[in-house]
């Protein structure tokens with residue numbers, strides 16, 4: 001039977017096992033480095049993808065695949081459903097999203113649509129309608145990282 005792990009994963013397993021079986025325990029940073037290298041190699045290893053596709057081919061459900069992987073079905077599908085290209089594109093999009101700051105920046109001019117609606121006692125849709133009719137002024141502010149925010153400037157009679 002041929003091995004199912006990639007050469008990279010197999011080498012990482014061997015490095016970790018060699019440190020674990022050594023007469024002298026490797027220093028803490030070497031152990032951590034070897035553990036993280038193995039985790040990274042296994043995450044990239046196509047063996048997981050092949051195992052999932054093999055399980056599905058013999059009639060296993062996504063629920064069973066998720067349980068075996070210690071994931072929820074939606075997470076398992078996100079990670080392994082589709083072609084290699086689709087999976088790679090999904091994972092790249094996820095990496096890009098996680099690299100962006102998650103908080104809304106402060107110090108932007110005017111109000112967010114939601115805040116303007118609260119201040120005026122109307123719905124956000126009503127704010128957009130007032131903007132389209134020229135009763136309120138709005139602008140889109142783009143940050144250096146590409147995020148865009150609609151900012152509403154209330155009329156002079158309503159203090160900002």
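The values are calculated or read from the model by the stated rules, or taken from the named source; none is laboratory data. The shown structure was predicted, so the numbers you read here are calculated from the model rather than taken from an experiment. Please note: Cβ atoms are built from the backbone with ideal geometry, for glycine as well, and neighbour counts cover all protein chains shown.
Key figures for this structure:
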| read-out | value |
| --- | --- |
| Of all residues in the range 134-153 being part of a loop (DSSP other than H, G, I, E, B) and modelled with pLDDT under 90, the one that is surrounded by the fewest Cβ atoms within 10 Å (Cβ to Cβ) | 144 |
| Subset of the range 54-72 (residues that are surrounded by 13 or more Cβ atoms within 10 Å (Cβ to Cβ) and part of a helix (DSSP H, G or I)) | 55, 56, 62, 64, 65, 66, 67, 68, 69 |
| Any hit, the range 116-133, residues being at pLDDT 90 or above, in contact with a helix residue (DSSP H, G or I) (Cβ under 8 Å, 6 or more places away or on another chain), under 30 Å from residue 4 (Cα atoms) and part of a loop (DSSP other than H, G, I, E, B) | no |
| In the range 21-45, residue modelled with the lowest pLDDT [restricted to those that are surrounded by 12 or more Cβ atoms within 10 Å (Cβ to Cβ) and more than 19 Å from residue 70 (Cβ to Cβ)] | 26 |
| From the options 82, 94, 19, residue that is part of a loop (DSSP other than H, G, I, E, B) and outside the structural domain of residue 139 (by TED's automatic domain parsing) | 82 |
